[in-house]
Amino acid sequence: MHFLRPLQILSLGLAATSLTRADEASPRDEPLALPAVVVTTSHTQQPLVVTADPKAPAQPMPAHDGADVLKSIPGFSVIRKGGADGDPVLRGLAGSRLGIQIDGECIFGGCGNRMDPPTAYVFPAAYDRITVIKGPQTVLHGPGNSVGVVLFERDYRRLARAESSLFGSATAASFGRLDAAVDARTGNAAAQARLAATSTRADDYADGDGRDVHSAYERWSVNASAAWTPDDRTFLEFTTARSDGEAAYADRAMDGVRFDRENYGLRFTRSALSELVQQAEARLYYNYVDHVMDNYSLRPFVATLMMPGRAVSNPDRLTTGALAQLVLVPADTVRVTAGLDTQRNVHTIRSTTNEITAPFAAKLRLRDAKFAQIGAFAEAAWTLAPGRRFYGGTRLDRWEVTDSRTAVAITMMSPAPNPSAGRIRTSELASGFIRYEQDLGAQTATLFAGLGRVQRFPDYWELIKNESATSVSAFGTAPETTTQFDAGVVFHRGPVEFTLSAFVSAIDDFILIQSGFTKPSGMMGTRSAVITRNIAAATRGGEAGLVWRCAEHWKLDASLAYVRGVNDTDARPLAQMPPLESRLALAYTQPLWSAGILLRAVSDQDRVAVTQGNIVGQDIGPSDGFAVCSLNTSWKPTDRTRLSAGIDNLFDAAYAEHISRAGSAVAGFVQTTRINEPGRTLWLQLQLTY
């Protein structure tokens, strides 16, 4: 089902463009003017914090999901599985080590093999801002965010008078790519409403050698909200969202044929309650994900030993949560945010090995796990003196998890009794951080240093999905503890902006996923298993960025990202570490148009630990480096309209990311060691505001 088709949105955009031409002289609309620039890199603007505009045209091609939009931020990589739904990796760490929040809500996928990570349910054009906080340097956004947190946010404000606005975009690109998005708002001083809808589709893409990759997808989303704002101090909002889609995968024997998400949220804020209490906020949310995968809908059915029939798996996850917090100002120089948050998620699954004789929809859902968390947190910002700031925070989380499995699937056809069936385990985990910032030279530079410690409870994939080295259940896996030191500088003077951020961490009880682990089977035989185990690990690295307006109309933009990990227990490299990466962009910008070139260069990677990794993927082996050149241009025919175009991978290079998933044997497609990236891609995007 599609609520919006790309060509319909394009028609809507052209109609709205004619309206804006008649209204261009209105001074009050000037802040809506679109800049004529294509974003190639999002840089740090304050210590350890990066903000990005998900609606802005970008190169590589404008993003269609949450992982895709993060690729332009230094330090991020994406584990490719097909054309959609990659897993984001920050500083070499993935999964639940990287918190993902949508409008302040936690979201989790259902697939045991990470077919639907949280970012699979993010449609970037429906949001106003992306905020990335690197490292364990905040406690406000849920538990366990050891490498950082990503916030997909919408902006809200009380309207001074009756007004309406519209944002629309349409994108067309190679390999049948068509995207459309519309974001409409209307209201007055007392109430307002917002509707955002997106649609995206693409055919299988071809790599630089002209080989088709099993990667087609279709996705749509609708987000709606209604807010009541009786005065400047009160905000009450109800939100709801629906989305669905399907996606083909080149790394596995099944594809995703349903990504159904249903969401409801309620938010209340009240400001200026007293001289001490600056704001009170409360949130409630409900999020349900119903995911279906099979081996026949999006690919030719081929009977195999593992799946001799038309197989279907249907996991789902219900997540509910709440937050209550106060913002306190005990002194002019001190601001404290304190509160409680909680989340509860239940995972169930039903499946069939033969959809024809035993349809999955006729089967009962079986609960395999239930997670419950409640946390208390406090974070303070203290201005010691002009230009000198101190930040600190602490949180305590209590976890309770139930293993509801009666049996563990050793293979699809061979279950074994679950030794931890019905077991309930609890943990109390503490986290915290401190950071000092010092401005230099009339605020042209800021030096910072911070120390953070996070205890992370094992997630569903680490506890429930895999075995341990000594048991068919990994339910006893210990929590992970990360201690990390961050330091760096943010410099801005005249035409030059420079940022440098470095980190070093020690990770006790690092939760490692290892495939190909040999275990006994039967009287004399052995079998290969995927296990979860705790190790001691360490990482270090950082990011650097430079923006230099080297001449009138010219801008040079460069970045560098590096991370190195060590598995101290096994005395070998830590797996799934992306190699050294650099970006260099040169742009020429006029008020009405711009043109630019982007060069991305990635080193080879020979520090590998084959068969080891994380819940998303394991190392395959060494990888070669590569370089990719891309071009872009942008033009503003009116203040409210922008036309952007680009060529990604100009020279049609054939390459794959080091952390990409391994290619699978899909009928009609060439199997590759890793899933190769798209070849030369042309794209065109029209945007408008009204």
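The values are calculated or read from the model by the stated rules, or taken from the named source; none is laboratory data. Note that this is a predicted model, so its numbers are computed, not measured. Quick reminder, even Gly has a Cβ in these numbers, built from the backbone with ideal geometry, and neighbours come from all protein chains shown.
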Quiz prompt | Close pairs from region 58-80: first among the aromatic types (Phe, Trp, Tyr), partner surrounded by fewer than 24 Cβ atoms within 10 Å (Cβ to Cβ) and assigned to a loop (DSSP other than H, G, I, E, B), Cβ under 9 Å, at least 6 apart | solution = none
Quiz item: Given the structure, is ARG367 among the basic types (Lys, Arg), outside any loop (DSSP other than H, G, I, E, B), crowded, with 19+ Cβ neighbours inside 10 Å and touching a residue at least 12 places away in the same chain (Cβ under 8 Å)?
Solution: no
Exercise. Run down ARG310, ARG252, ARG335, ARG270 and say which single residue is at negative phi, among the charged types (D, E, K, R), without any contact (Cβ under 8 Å) to a residue 60 or more places away in the chain and not in a strand (DSSP E or B).
Key: ARG310
Self-check item: region 321-332, residues that are more than 29 Å from ASN287 (Cβ to Cβ) and in a strand (DSSP E or B)
Solution: LEU328, VAL329, PRO330, ALA331
Practice problem: Could you please let me know if ARG233 is farther than 30 Å from ALA662 by Cα and basic (Lys, Arg)? | Solution: yes
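The rows are residues; the columns are (1) surrounded by fewer than 23 Cβ atoms within 10 Å (Cβ to Cβ); (2) under 30 Å from GLN443 (Cβ atoms).
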{"position": "SER471", "(1), (2)": "yes, no"}
{"position": "GLY476", "(1), (2)": "yes, no"}
{"position": "ARG493", "(1), (2)": "yes, yes"}
{"position": "PHE503", "(1), (2)": "no, yes"}
{"position": "ALA506", "(1), (2)": "yes, no"}
{"position": "GLY522", "(1), (2)": "yes, no"}
{"position": "THR526", "(1), (2)": "yes, no"}
{"position": "VAL530", "(1), (2)": "yes, no"}
Self-check item: Given (1) more than 30 Å from ALA506 (Cβ to Cβ); (2) touching a helix residue (DSSP H, G or I) at 6+ places or on another chain (Cβ under 8 Å); (3) not β-branched (Val, Ile, Thr), number of the condition GLY86 does not satisfy
Solution: (1)
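Residues are listed down the side, and each one gets a yes or a no for (1) surrounded by 19 or more Cβ atoms within 10 Å (Cβ to Cβ); (2) within 26 Å of ARG267 (Cα to Cα); (3) of a type in the set (S, T, N, Q); (4) in contact with a strand residue (DSSP E or B) (Cβ under 7 Å, 6 or more places away or on another chain):
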site	(1), (2), (3), (4)
CYS106	yes, yes, no, yes
TYR121	yes, yes, no, yes
ALA125	yes, yes, no, yes
ARG129	no, yes, no, yes
ARG157	no, yes, no, no
ARG161	no, yes, no, no
SER169	yes, no, yes, yes
ALA172	no, no, no, yes
ASP179	yes, no, no, yes
Quiz prompt | The listed residue being within 25 Å of ALA248 (Cα to Cα) and part of a strand (DSSP E or B), out of LEU688, LEU684, LEU643 | solution = LEU684
Quiz item: In region 279-290, which residue that is of a type outside the set (Gly, Ala, Ser) and surrounded by fewer than 23 Cβ atoms within 10 Å (Cβ to Cβ) is farthest from the chain's Cα centre (by Cα)?
Solution: GLN279
Quiz item: Where in region 473-567 are there strands (runs of 3 or more DSSP E), lying wholly inside it, with at least 2 residues that are modelled with pLDDT of 95 or more, polar (S, T, N, Q) and under 25 Å from GLY450 (Cα atoms)?
Solution: 480-493, 496-521, 554-567
Self-check item: Residue selected from region 302-319 under the condition of a type in the set (Val, Ile, Thr) and buried (at least 18 other Cβ atoms within 10 Å of the Cβ), by the criterion farthest from the chain's Cα centre (by Cα)
Solution: VAL312
Practice problem: Look through region 386-418, keep the residues that are aliphatic (A, V, I, L, M) and farther than 27 Å from ASN145 by Cβ, and return whichever of them is surrounded by the fewest Cβ atoms within 10 Å (Cβ to Cβ). | Solution: MET413
Quiz item: How many of the residues in region 338-358 are of a type in the set (A, V, I, L, M) and not in a strand (DSSP E or B)?
Solution: 2
Quiz prompt | Leading residue by the ranking (farthest from TYR156 (Cα to Cα)) among those in region 238-271 that are among the hydrophobic types (A, V, I, L, M, F, W, C) and touching a helix residue (DSSP H, G or I) at 6+ places or on another chain (Cβ under 9 Å) | solution = ALA247
Exercise. Hey, can you tell me all the residues within region 70-128 that are polar (S, T, N, Q) and closer than 29 Å to PHE167 by Cβ?
Key: SER72, GLN101, THR119
Quiz item: Can you pull out the residues in region 110-152 that are within 29 Å of GLY432 (Cβ to Cβ), within 14 Å of the chain's Cα centre (by Cα) and not in a strand (DSSP E or B)?
Solution: PRO117, PRO118, THR119, VAL122, ASN145, VAL147
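Could you list, in sequence order, the residues of region 505-552 that are among the basic types (Lys, Arg) and farther than 30 Å from GLN46 by Cβ? Break it down stepwise before answering.
Applying the first criterion (among the basic types (Lys, Arg)) to region 505-552 yields 519, 527, 533, 540, 549.
Within region 505-552, LYS519, ARG527, ARG533 qualify.
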Quiz prompt | Residue satisfying condition, being among the hydroxyl-bearing types (Ser, Thr, Tyr), touching a Lys or Arg at 6+ places or on another chain (Cβ under 9 Å) and under 28 Å from GLY679 (Cα atoms), within set SER603, SER630 | solution = SER630
Exercise. Please go through region 218-234 and pick out each residue that is part of a strand (DSSP E or B), touching a Lys or Arg at 6+ places or on another chain (Cβ under 7 Å) and over 20 Å from GLU262 (Cβ atoms).
Key: THR234
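Which of the residues that make up region 313-332 are among the small types (Gly, Ala, Ser) and touching a residue at least 24 places away in the same chain (Cβ under 8 Å)?
Result: SER313, GLY321, ALA322, ALA324.
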Practice problem: Kindly establish whether ASP639 is at pLDDT below 95, among the charged types (D, E, K, R) and on the phi < 0 side of the Ramachandran plot. | Solution: yes
Quiz prompt | Scan of region 587-620 for residues that are of a type in the set (Val, Ile, Thr) and either part of a loop (DSSP other than H, G, I, E, B) or surrounded by fewer than 22 Cβ atoms within 10 Å (Cβ to Cβ) (or both), ordered by number | solution = THR589, ILE597, VAL608, VAL610, THR611, ILE615, VAL616, ILE620
Quiz item: Got a sec? Which of ARG310, ARG270, ARG252 is more than 28 Å from ALA409 (Cα to Cα) and charged (D, E, K, R)?
Solution: ARG270
Quiz item: If the Cβ limit is 6 Å and pairs must be 6+ apart or interchain, which residue in region 582-606 that is acidic (Asp, Glu) pairs with which residue that is surrounded by fewer than 16 Cβ atoms within 10 Å (Cβ to Cβ) and at pLDDT 95 or above?
Solution: ASP604/ASP624; ASP604/GLY625; ASP606/PRO622
Quiz item: Counting just the residues of region 287-307 that are assigned to a strand (DSSP E or B) and of a type in the set (D, E, K, R), which one comes out farthest from GLY144 (Cα to Cα)?
Solution: ASP294
Exercise. Name every residue in region 393-411 that is part of a loop (DSSP other than H, G, I, E, B) and more than 30 Å from HIS141 (Cβ to Cβ), in order of residue number.
Key: ARG405, THR406
Exercise. Starting from residues that are in contact with a Phe, Trp or Tyr (Cβ under 9 Å, 6 or more places away or on another chain) and surrounded by fewer than 20 Cβ atoms within 10 Å (Cβ to Cβ), keep the ones in region 656-689 and report whichever is farthest from GLU581 (Cα to Cα).
Key: ALA667
